[in-house]
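Following: one structure in structure tokens, then a few remarks.
Please treat every number below as a calculation from the coordinates, not as lab data. Predicted model only: the values in this text are computed from it and were never measured. Don't worry about glycine lacking a Cβ; one is built from the backbone with ideal geometry, like all the others, and counts go over all protein chains shown.
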Amino acid sequence: MVSGEHIDGYIKSLIPELPAELEKIEEDANFRGVPIIRKDMQQLMRFLIGMHKPAKVLEIGTAVGFSSLFMAECISLDAALSPSSFEIITIEKDERMYAEAVLNISASRHADNIKAFKADAAEFLENAQKLKENAGFDMIFIDAAKAQYRRYIEIILERGLIRKNGLIITDNILQEGSIAESKFTIVRRDRTIHKRLRDYLKFLMTDPRFETVLVPTGDGAALTNYLGKEN
């Protein structure tokens with residue numbers, strides 16, 4: 001595989017610039033070490049959103065709102081969509097992150113398209129009443145507690161929150177490469193996450209309800225098409 005910093009740098013140099021409001025949020029997040037989607041992951045998501053044209057999106061893990069706003073920007077590029085014809089529901093557990101996300105979203109031109117909720121994602125997803133009107137999301141983006149990824153998906157399937165042929169994007173699956181290492185080389189405190197993330201990836205790759213490809217973009221992503229088959 002052709003790789004290296006000079007290749008990565010060249011590819012990133014070709015990625016279109018962000019709108020000013022998003023660039024400001026990105027720069028601030030990077031300066032403070034707040035985890036947001038990386039440049040190459042942004043380009044992958046831009047491509048996938050342009051191809052799938054989702055009108056209803058669920059995001060698990062808002063952080064400071066950058067990815068919500070980025071997805072809204074990508075969706076809004078579709079000339080066939082009116083500004084009010086798409087919706088993003090995003091969930092964040094951390095109170096400080098949530099408060100910052102609300103400020104960033106409310107200051108955006110996409111404020112009416114994004115609904116942010118402060119909640120534990122699993123508990124929120126299990127409350128079907130809150131999401132009753134949004135059952136059958138076209139796209140789900142998961143970028144939260146890695147050890148809970150499989151639990152999120154299982155609840156999503158139980159509650160019917162993803163439509164047939166809906167797209168599920170799971171970010172940060174490579175854990176900076178440590179996912180490929182033996183558990184015995186992993187620091188003991190990280191072994192639970194390591195095991196659960198490996199189990200989650202095996203689940204995505206072998207369950208007949210899914211068609212999944214793993215890509216090394218950014219810190220790795222799982223791109224999953226929900227086929228709607230019975231387990």
Give me the number: length gained by fully extending Phe47 to Arg109, i.e. 0.36 nm times residue separation minus the C-alpha to C-alpha distance, one decimal in nm.
20.2 nm
In the structure displayed, which of Lys53/Lys195; Lys39/Lys115; Lys56/Lys202 lie more than 32 Å apart, Cα to Cα?
Lys53/Lys195
What is the pair-distance distribution P(r) of segment 33-175, computed from all Cα-Cα distances in 10 Å bins starting at 0, with each bin given as a whole percent?
12, 46, 38, 5
In nm, give the distance between the simple-model label positions of Leu14 and Glu95, each being 7 Å from the Cα along the Cα-to-Cβ direction.
4.7
Between segment 94-173 and segment 12-66, what is the separation of their alpha carbon centroids in Å?
16
